[in-house]
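The block underneath contains the structure these notes are about, expressed in structure tokens.
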Amino acid sequence: MGAKVGTFQRTLYESQGSILFVDAGSYILTGAVTVPIGSRIVGKTWSQLVASGPYFEDAANPKVMMQVGLSSSVGNVEMQDLIFTSRGPTAGLVLDCHVRIGGAVGTELTPAECLALTSGVAPGYNVASLMMHITPRASGYFENMWLWNSVYVARGLLVESTSPTWLYGTASEHAAFYQYNFHEAQSIFAGMIQTKLPYYQPTPNPPAPFEAAVGVFPGDPDYSFTGGDEFSGCDESWAVIIRESANIFVAGAGLYSWFSTYTQDCIDEHACQKVLMLLQDNLAGIRFHNVISIGAKYVAVMDGKGIDALDYLNVELHPRWSQISVMDVAGDSELAELLWIDPKIWDMNQPAFTCVPPCLINIPPWTKGTRIVDYPRITVSDGNWSTTITRRPITITRVQFEVITLTTAEDSNIRRRSAQGFGDFWPVPATTPTWPKVTYTNDAGAEIETAPTMPFPAPPASIGPNAPAPAAGGSWPKVALRAEPGLVDQPAVDKCFWDSLVQSFFCSGIWDDEENASGDGDGDGSPNDEDYGEDMICPDKTTSTTTTTTTRTTTTTKEPDKPTESPLEVGRPEDNQRHCYDDGQLATNMQMANTARTAGLISRGVAGVAATAAGTGTNLVFFRNDELPGNGDWAIHIKTEITIKPGCQFVVDYDQCQRYFGVAIDSCNCDGANGKQGGMVDNNCYTFRIDPETFG
């Protein structure tokens, strides 16, 4: 059956906070759908959501069919008993969840249409770019999940999450590049994973038939063919890739290569492919228990060294499988303990720090040089509808630096990652991996994130004495940074403090100023000008310049003997007064709570920093969240504002923010969970306000 994207999207918003039951059947979607936070979707006998049409056909510009939340969203989503699939050629399709592509009646991708070729490439059956993606900011619990295809699909499961994520009983099969790819990932538990490689390979060899799409997603393999290199991955797909990751525990893995161009004579000879796993440049804490491999010469290549399957042969009978009971992945043992250098080093006459070698160092960015980057225009389309998104130029006031490893001559355990010695040095500017995303609303009413596909402009090559001055003003450090071995790590800060003030390149994503864009299909599509004045008044976590009245005490190398007590007042809860609006736009409890949580997370970015106000008062946070309302009629703004009154101080605390906002949400409009119109809480020092407003 057909399903209009706009209708399906509206249904998702209307059911937000409740259970949406998707009856048995196949629902054809010709565009992207966003699942809002708070959704609970349950299918019946594997209800199918089917991607189809030209929107999904460009492998070089892949499009997601089902996007769970936006990058700024905070909250939970549950989905059960659903299959995401496709009909016909959709080479640019990206799917999030339980996936089956091809092989079923109605997909137009059955054996009757897709012949098993033993030479060449079957035209017209490049069906998906990526079956599932767990992004750097996402985390989740996945159980009994199967990602499967019977045609040409480029990638299986890409995991970039650095937050706790659980994979229980999952499988990824038959993708051309890889089945599982853990790229710069951390804190992952994977219990009982299974992979099967494409039956057609090596006819054609990877990356065919997706040669033009290599590098579209982070962590794609490097298909540089070198004669005689058994570890290039150029004969068959990778079962598992783990690179630049830490703290991953795989409790059981079945990695199977059953075919070579549809024949199975290779199994007992371990000749179906060269190597199953690529393990490279990892950090500490990665372990496999009970790895079973079939059909490959090597179980894995670990930092250039192959692990021969015959060395771990478990049975001599067919299929002659190998077993490794415990495998600790080689990694720099000290790298789990990153050292986060205090930004105050740049205020020293001689910027310097000490660390206990060997040590991995995050250098704080240099904030006294500016450059301006023009944001490219983005044209998006869906059928007959198209629009062009424009965004203001980005003023970059920070130069981020590459993470470095420091060792002494006595250190011999740091061998897999490039290292340097102690002494004076000029840190190397780091490349920005992505453009900041923009969110636009398509013709069907779905909110979709996109970003330019071209590389972000390169940073300055050097900040050393011969480097050109910053293009838009400012200067570089006058002297080199000095690193000395020592018995203590100093001056250092904890990761939370460092993230909140510095936004490390090593962290998940460096853009938090993602703007909403709109388009009427008339080719304009620029973000609403009125939004530009609504800047957050807090330490800016993006690379854009923002005026701030938040202050932080910075010091030189001389520390004060003891802290000075602040003469400023703080809020007295006993003075709290609630004011309910009881009028205007209606919003659901879930929408209001999500907005409050997002505002709280923004303010949590400066947790522990005393934000002070003087004169006429200060807006510490002013955040507007574009939501669709519960009835789906109009989009709404939900504003949150924290005002600090003159002579007062507020030490930012996420839980405290939620308590204040919660009064205006839960104690106003008490006839039910929804129908919320907002209000404010006011005392001697603070005003917390949350207000939904309509816009057309």
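The values are calculated or read from the model by the stated rules, or taken from the named source; none is laboratory data. Note that the structure is a prediction, hence the values are computed from the model and not measured. Cβ atoms come from the backbone with ideal geometry, glycine included; neighbour counts cover every protein chain shown. For the accessible areas, the whole protein counts, side chains as well, though only heavy atoms, and no ligand, DNA or RNA atoms are used. Shrake-Rupley method; radii C 1.70, N 1.55, O 1.52, S 1.80 Å.
Brief remarks follow.
- Annotation note: of 225, 231, 249, the sole residue that is of a type in the set (A, V, I, L, M, F, W, C) and farther than 28 Å from residue 188 by Cα is 225.
- Residue satisfying all of: in the stretch 301-333; in contact with a strand residue (DSSP E or B) (Cβ under 9 Å, 6 or more places away or on another chain) and hydroxyl-bearing (Ser, Thr, Tyr); nearest to residue 269 (Cα to Cα) among these: 322
- Tally, over the stretch 12-59, of residues that are open to solvent by 30 Å² or more (accessible area, probe 1.4 Å), touching a residue at least 60 places away in the same chain (Cβ under 8 Å) and of a type outside the set (Gly, Ala, Ser): 3
- The sole residue among 376, 364, 465 that is part of a loop (DSSP other than H, G, I, E, B), farther than 30 Å from residue 29 by Cβ and open to solvent by less than 30 Å² (accessible area, probe 1.4 Å) is 364.
- Scan the stretch 275-330 for residues that are open to solvent by 10 Å² or more (accessible area, probe 1.4 Å), touching a residue at least 24 places away in the same chain (Cβ under 8 Å), in a strand (DSSP E or B) and not hydrophobic (A, V, I, L, M, F, W, C) and the total you get is 10.
- Matching residues, the stretch 638-657, being under 29 Å from the mean Cα position of the chain (by Cα), modelled with pLDDT of 75 or more and open to solvent by less than 10 Å² (accessible area, probe 1.4 Å): 638, 640, 642, 657
- Residues in the stretch 201-251 that are in contact with a Gly (Cβ under 6 Å, 6 or more places away or on another chain), open to solvent by less than 40 Å² (accessible area, probe 1.4 Å) and outside any loop (DSSP other than H, G, I, E, B): 246, 251.
- The set of residues in the stretch 348-361 that are within 17 Å of residue 408 (Cα to Cα) and assigned to a loop (DSSP other than H, G, I, E, B) comprises 356, 357, 358.
- Considering the stretch 397-450, and only residues there that are assigned to a loop (DSSP other than H, G, I, E, B), acidic (Asp, Glu) and modelled with pLDDT under 85, the residue that is surrounded by the fewest Cβ atoms within 10 Å (Cβ to Cβ) turns out to be 410.
- The set of residues in the stretch 617-637 that are hydrophobic (A, V, I, L, M, F, W, C), under 15 Å from residue 588 (Cα atoms), within 27 Å of the chain's Cα centre (by Cα) and at pLDDT below 70 comprises 628, 635.
- Only one of the numbered conditions (1) open to solvent by less than 10 Å² (accessible area, probe 1.4 Å); (2) farther than 12 Å from residue 330 by Cα is violated by residue 266, and that is (1).
- In the set (1) open to solvent by 20 Å² or more (accessible area, probe 1.4 Å); (2) more than 30 Å from residue 135 (Cα to Cα); (3) at pLDDT 95 or above, the condition left unmet by residue 256 is number (2).
- Residue check, residue 366 modelled with pLDDT of 85 or more and either small (Gly, Ala, Ser) or touching a helix residue (DSSP H, G or I) at 6+ places or on another chain (Cβ under 7 Å) (or both): yes
- Residue check, residue 681 open to solvent by less than 20 Å² (accessible area, probe 1.4 Å) and either out of contact with any Pro (no Cβ under 8 Å at 6 or more places or on another chain) or not small (Gly, Ala, Ser) (or both): yes
- Those residues of the stretch 164-193 which are within 19 Å of the chain's Cα centre (by Cα), open to solvent by 10 Å² or more (accessible area, probe 1.4 Å) and touching a residue at least 40 places away in the same chain (Cβ under 8 Å), in sequence order: 183, 184, 186, 187, 189
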